[in-house]
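In what follows, a single structure is set out as structure tokens and then discussed.
The values are calculated or read from the model by the stated rules, or taken from the named source; none is laboratory data. It should be emphasised that the depicted structure is a prediction, and the values quoted were computed from it without experimental measurement. Glycine gets a Cβ as well: all are built from the backbone with ideal geometry, and neighbour counts include every protein chain shown.
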């Protein structure tokens, strides 16, 4: 089966179990790279054309306002066709109870009919939040498998957990 990973990830200042920490690669990107290593999937990184602020507090405020207004921010690039793929991994950090709005911008454009979707999140206490329900609304006709929540502060040690999740669901 041919697989694709669609994900959003943010580096810069992030929250880790009660403290702020600057990271050069976002937690969701690290998880996506593990999935790629394990499945040989293609990758597509969803990137907001106007990047979020580098500071954590400013970023989450921007994300909250974007979500309240149900904005669909412009992206640097768009994925238009996923017809060649059987399995789609969808990954994002949790922003205010769900995926960041740029994920909605990208996902609502795609036809997921007949696809297997494997949702995963990175978080610091939110688990999967509303991500699975939101994906179900966006991906009509898809088979949504068990989601995998990964604490961002332990993402570097999550490859074994990700491998078990893939084996259980594919």
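Summary of computed values
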| item | result |
| --- | --- |
| Residue match in the stretch 24-32 (condition: under 22 Å from residue 165 (Cβ atoms), without any contact (Cβ under 8 Å) to a residue 12 or more places away in the chain and assigned to a helix (DSSP H, G or I)) | no |
| Some residue of the stretch 90-105 being in contact with a helix residue (DSSP H, G or I) (Cβ under 8 Å, 6 or more places away or on another chain), part of a helix (DSSP H, G or I) and buried (at least 20 other Cβ atoms within 10 Å of the Cβ) | yes |
| Any hit, the stretch 131-146, residues being at pLDDT below 95, surrounded by fewer than 17 Cβ atoms within 10 Å (Cβ to Cβ), assigned to a loop (DSSP other than H, G, I, E, B) and more than 13 Å from the chain's Cα centre (by Cα) | yes |
| Qualifying residue in the stretch 70-87 (condition: in contact (Cβ under 8 Å) with a residue 60 or more places away in the chain, closer than 25 Å to residue 127 by Cβ and in a strand (DSSP E or B)) | yes |
| Answer from 150, 170 - the residue that is crowded, with 19+ Cβ neighbours inside 10 Å and either over 30 Å from residue 57 (Cα atoms) or within 14 Å of the chain's Cα centre (by Cα) (or both) | 150 |
